[in-house]
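Structure, as structure tokens:
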Amino acid sequence: MPTDLQAPGDIGHRTAPSGDDARHERIDVHHHYTAPEWVRWAEKNGIADRDSLPPWTRWDETAALDLMDRTGTRTSVLTVAMLGRFKEAAARKESTRVALDAAGALATRHSGRFAFFTPVFLDDPELSRWSVSHGMDQLGAVGVSARTSTGDTFLGDPALDPIMAELDERAAVISTHPMQVNTSGAPRGVPPFVCDFLMDTTRAALSLIMNGTLDRFPRLTFILPHGGGYLPYIASRIEVFGRQLVPAVDPGRVRDYLHRFYYDTAAPMSPSATPTLLAAAGSSRILYGSDWPPTPTRVVTEMTTPALDGDPALGDRERGHINRGNALRLLPALAPA
């Protein structure tokens with residue numbers, strides 16, 4: 001059984017700072033970035049209209065740095081967002097280039113404060129390969145980001161093996177997030193981010209386990225948002241019913257699979273949720289995530305971050321791992337020079 005400090009798949013170990021120190025040097029792995037340069041490009045080319053885009057796409061550099069200072073966040077790792085409908089592959093590639101170049105320029109302009117993930121697209125292997133090369137090799141992205149699903153395709157779909165193989169060669173960190181998910185049957189008035197996002201993340205994690213992606217590509221590391229959705233809570237159910245899944249899952253390996261993932265703190269940390277996440281993953285697999293700006297500044301500064309700092313299930317040692325130590329072990333490029 002893995003210890004809390006060295007779970008399977010960990011890439012070495014660094015001593016985490018104390019909880020008090022780490023609260024002033026947090027690393028945020030869940031920060032949504034819609035580049036203002038991309039919004040201007042999208043409007044100019046008739047791809048999107050800023051007034052019709054969600055409010056969280058109005059990303060502002062000053063507001064981001066202010067939030068980071070108020071929450072003691074030294075570094076935010078950006079998930080590069082692009083919304084819009086593309087009729088041509090060339091336009092989609094140009095969209096990706098504009099967004100990535102803006103993220104790279106921001107990270108250079110504020111060295112040590114911002115880093116970023118480069119996107120891969122479940123429905124476009126060619127664009128994914130270009131994005132990985134341009135983002136990681138030329139601009140210095142620290143990993144990749146991917147949607148948990150696109151249409152009926154989840155992350156563990158064997159059709160994605162070619163891009164997974166290329167990422168495995170890089171020992172890539174893959175930050176995942178739901179976006180446009182199936183909400184059929186959901187009660188009226190319940191936004192997707194309340195329940196359906198968590199279910200989509202859970203299904204994506206199960207697809208990675210059931211289809212053998214974690215076994216075929218052992219050098220990949222996946223970050224699951226929002227505390228892993230429902231995965232930690234239903235771990236025992238997977239153990240009980242694993243042989244009834246198609247493909248079947250060996251019940252004896254479920255806990256090992258759970259330790260192949262990292263889980264961010266965006267909204268799940270509470271006296272009722274934290275013990276379940278700790279029991280499933282251990283404090284060495286949890287990362288701080290703000291989920292800003294979809295989660296408003298007031299909520300991050302007055303509710304979710306204070307909830308983490310005051311969580312009775314965590315001691316200073318565990319908070320040190322979550323706020324900073326685990327991220328430095330997972331993404332050593334973030335360590336100060």
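The values are calculated or read from the model by the stated rules, or taken from the named source; none is laboratory data. Remember, predicted model here, so these are calculated numbers, not experimental data. Neighbour counts run over all protein chains shown; Cβ positions are idealised from the backbone, glycine included. Note: accessible area is taken over every heavy atom of the protein model, side chains too, but ligands, DNA and RNA are not part of it. Shrake-Rupley method; radii C 1.70, N 1.55, O 1.52, S 1.80 Å.
Quick notes on this one:
- In the context of the full protein assembly, PHE121 retains an accessible surface of approximately 40 Å², using a probe radius of 1.4 Å and ignoring ligands and nucleic acids.
- Net charge of Cβ neighbours under 15 Å - reference ALA89; Lys, Arg +1; Asp, Glu -1: +1
- Solvent-accessible surface (1.4 angstrom probe) belonging to LEU53, in square angstrom, nearest 10: 20 Å²
- Rounded, prolate or oblate (a/c below 1.5 giving rounded, otherwise prolate when a/b exceeds b/c) for the range 150-281 by Cα gyration tensor: rounded
- Residues whose amide H falls under 5 Å from that of THR176, counting only those 5 or more places apart or on a different chain, are ALA146, ILE223, with hydrogens built in the peptide plane.
- Note on ALA91 and ARG109: the extension gain reaches 3.8 nm, defined as 0.36 nm multiplied by sequence separation minus the Cα-Cα distance.
- Label-zone membership for the range 80-97, site ASN45, 7 angstrom Cα→C-beta point, backbone N under 14 Å: 82-97
- For the set LYS87, LYS44, LYS93, the ranking by accessible area, highest first and with no ligand, DNA or RNA atoms included, is LYS87, LYS44, LYS93 under a 1.4 Å probe.
- Legend: residues HIS24, HIS110, HIS30, sorted from most to least accessible area (1.4 Å probe; ligands, DNA and RNA excluded), read HIS24, HIS110, HIS30.
- Estimated 222 nm signal from helices in the chain, with DSSP H stretches of n ≥ 4 weighted -39500 (n - 2.57), rounded to 500: -9500 deg cm²/dmol
- Prolate/oblate/rounded label for the chain (Cα gyration tensor, a/c 1.5): rounded
- LEU277 accessible area, 1.4 Å probe, all protein chains in place, Å² to nearest 10: 10 Å²
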